[in-house]
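Worksheet: one structure, shown below.
The values are calculated or read from the model by the stated rules, or taken from the named source; none is laboratory data. Keep in mind the model is a prediction, meaning the values are calculated, not measured. Glycine also receives a Cβ, built like all others from the backbone with ideal geometry; neighbour counts cover every protein chain displayed. Side chains included, ligands, DNA and RNA excluded: accessible areas come from the protein's heavy atoms. Shrake-Rupley method; radii C 1.70, N 1.55, O 1.52, S 1.80 Å.
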Amino acid sequence: MTEYEKKITIIKPDDWHVHLRDNKILKKVINYTGKFYARALIMPNLDDPITNCFKSISYRNRILKSMNWNYKFQPLMTCYLTDRTIPEELEIGFLKKIFIAAKLYPYCSTTNSKKGVKKISHITHILERMEKIGMPLLIHGEEVNKSIDIYDREAEFIKNTLDPLRNCFPKLKIVLEHITTKESVEYIKKYGSNYLCATITPHHLILNRNDMFSGGIQPYLYCLPILKKNIHQKALRQAIASGNKHFFLGSDTAPHLHKDKINFFGCAGIFNAPSSLLSYVTIFEEMQALKYLQSFCSENGPKFYNLPINKETITLIKKPLKIKKRISVGNNIIIPFLSGKILNWSLEN
Ligand code: DOR
Ligand code: ZN
């Protein structure tokens with residue numbers, strides 16, 4: 001990594017957690033990810049989730065067709081686990097590289113998770129197979145239950161589900177996605193390995209739960225897992241600044257139309273693709289940890305997934321950049337994270 005006074009060049013990063021949706025939205029959002037990242041792990045929670053090889057191949061083709069061909073970008077696909085996933089289908093998909101990983105959404109935990117897994121015990125045979133073939137399991141780690149406070153969902157999941165699961169399947173490769181609490185940071189620091197890593201989003205690093213209610217309710221800051229207290233935000237910031245190799249970049253960029261964000265039952269999700277990499281560099285700079293920017297963005301993820309590190313580089317320059325206020329999608333709009341705000345960093349050229 002070369003770092004001049006106002007420029008920083010790193011190996012081109014990958015985003016290990018991206019929602020692209022489909023059709024009109026896909027066409028509008030894909031190039032924001034393609035501009036900054038060489039590869040992205042594509043989440044399978046479409047309205048009709050990606051539950052088999054056939055759906056995955058056709059979704060990947062739609063993604064590639066929607067791309068700006070100036071970008072060399074590779075979408076890496078994931079399979080949505082249900083109580084009915086067929087282990088053979090998963091294995092064939094993994095061996096043929098149709099799927100890079102499979103995603104566990106606990107039932108009704110977030111957007112489009114109604115077909116998610118109702119009980120971990122329903123997929124024991126699937127986890128066994130994944131462990132055997134070395135297929136990574138991506139986890140939305142929240143225990144959703146009326147008796148559990150929304151702010152405790154992640155810590156309860158670790159205690160009641162993740163820890164027992166790791167004991168049963170010690171060689172299963174797991175990513176605890178978009179961690180938000182100091183409990184998760186401590187857990188990864190203690191047990192992080194080539195079998196257990198975590199991703200961290202820019203919004204959970206920049207914000208805490210006060211921001212959701214500052215000056216009135218802010219539907220655009222509603223995401224899941226929900227923003228937590230500042231002590232948790234601090235723990236996440238310290239985790240990335242420590243250079244620990246078991247944390248890596250996963251933005252959880254999750255576009256929703258404006259009408260759906262401000263609806264009576266507003267959707268969870270923050271569309272951060274236009275600013276995610278620029279936000280990460282800002283945070284690493286604030287934490288005086290720029291020396292770890294490249295490993296977090298470009299090295300730790302591929303190492304976990306046993307994929308080559310990208311050959312190209314990207315140069316970020318300390319020059320103000322205004323984030324677009326809105327992006328039109330047909331008769332609707334999407335409002336990006338940090339809409340209209342000025343960031344300190346931009347992409348060279
Ligand atoms: O805020 C979120 N939005 N969290 C998720 O887990 C899903 C995502 C989405 O798909 O909108
Ligand atoms: Zn997500």
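The Rg/Rh ratio for the stretch 21-137, using Cα coordinates for both the radius of gyration and the Kirkwood hydrodynamic radius, is 0.99.
Of the three principal axes defined by the Cα atoms of the chain, the extents in descending order read 52, 46, 42 Å. Each principal axis of the Cα cloud of the stretch 252-349 was taken in turn, and the coordinate range along them, longest first, works out to 43, 33, 25 Å.
The phi-based Karplus calculation (6.51 cos²θ - 1.76 cosθ + 1.60; θ = phi - 60°) puts the 3J(HN,Hα) values of the stretch 265-273 at 10, x, 6, 8, x, 10, 8, 10, 4 Hz, whole numbers, x for Gly and Pro. Candidate cross-link partners of LYS318 among the aspartates and glutamates, defined by an alpha-carbon separation under 14 Å and a same-chain spacing of 8 or more, comprise GLU3, GLU5, GLU285, GLU286, GLU348.
Other residues whose C-beta falls under 9 angstrom from the C-beta of PHE169 contribute a net charge of 0, scoring Lys and Arg +1 and Asp and Glu -1. Inter-part distance, the stretch 247-278 to the stretch 122-151, computed on C-alpha centroids, equals 23 Å. For THR313, the amide hydrogen comes within under 5 Å of the amide hydrogens of LYS12, counting only partners 5 or more places away or on other chains and with H modelled in the peptide plane. For the stretch 242-283, chymotrypsin sites (Phe, Trp or Tyr not before Pro) meeting the loop criterion (DSSP other than H, G, I, E, B) and having at most 12 other Cβ atoms within 10 Å: PHE264, PHE265. Its convex hull of Cα atoms gives the stretch 249-301 a direction-averaged projected area, equal to a quarter of the hull surface, of 4.5 nm². FRET efficiency for the LYS189 to ALA268 pair, using the beta carbon distance and R₀ = 35 Å, is estimated at 0.80.
May I ask you to give the percent of accessible area on the chain that is carbon plus sulfur, with a probe radius of 1.4 Å? Of the solvent-accessible surface of the chain, carbon and sulfur hold 51 percent. For the stretch 185-194, 3J(HN,Hα) computed residue by residue from phi via the Karplus equation (6.51, -1.76, 1.60; θ = phi - 60°) reads 4, 4, 4, 5, 4, 7, 10, x, 6, 5 Hz, glycine and proline entered as x.
For the pair LYS259 and LYS96 in one chain, pulling the backbone fully straight at 0.36 nm per residue adds 54.8 nm over the alpha carbon distance. Considering only ILE240, SER121, MET77, the residue lying farthest towards the positive end of the dipole of the chain is MET77, judged by Cα position with unit charges set on Cβ. Of the two radii for the stretch 94-229, the radius of gyration is 0.98 times the Kirkwood radius, both from the alpha carbons; that is the Rg over Rh value. Ranked by the mean number of other Cβ atoms within 10 Å per residue, highest first, peptides 33-39, 107-113, 236-242, 251-257 order as 251-257, 33-39, 236-242, 107-113. Normalised per residue, the accessible area of the chain is 45 Å², obtained with a 1.4 Å probe and no contribution from ligands, DNA or RNA. Straightening the chain between LYS132 and ILE309 buys 61.2 nm, computed as 0.36 nm per residue apart minus the Cα-Cα spacing. Under 5 Å from the amide H of GLN74 lie the amide H atoms of ARG39, ALA40, each residue being 5 or more positions distant or on a separate chain, with H modelled from the backbone and absent for Pro and chain starts. Site pair SER214 and LYS118 shows an inter-label distance of 4.3 nm when each label is modelled 7 Å from Cα along Cα→Cβ.
Secondary-structure-derived ellipticity at 222 nm for the chain, considering helices only, amounts to -8500 deg cm²/dmol, per-run term -39500 (n - 2.57) for DSSP H runs with n ≥ 4. Over the chain, Cα pairs under 8 Å with separation of 6+ residues give a relative contact order of 18 percent.
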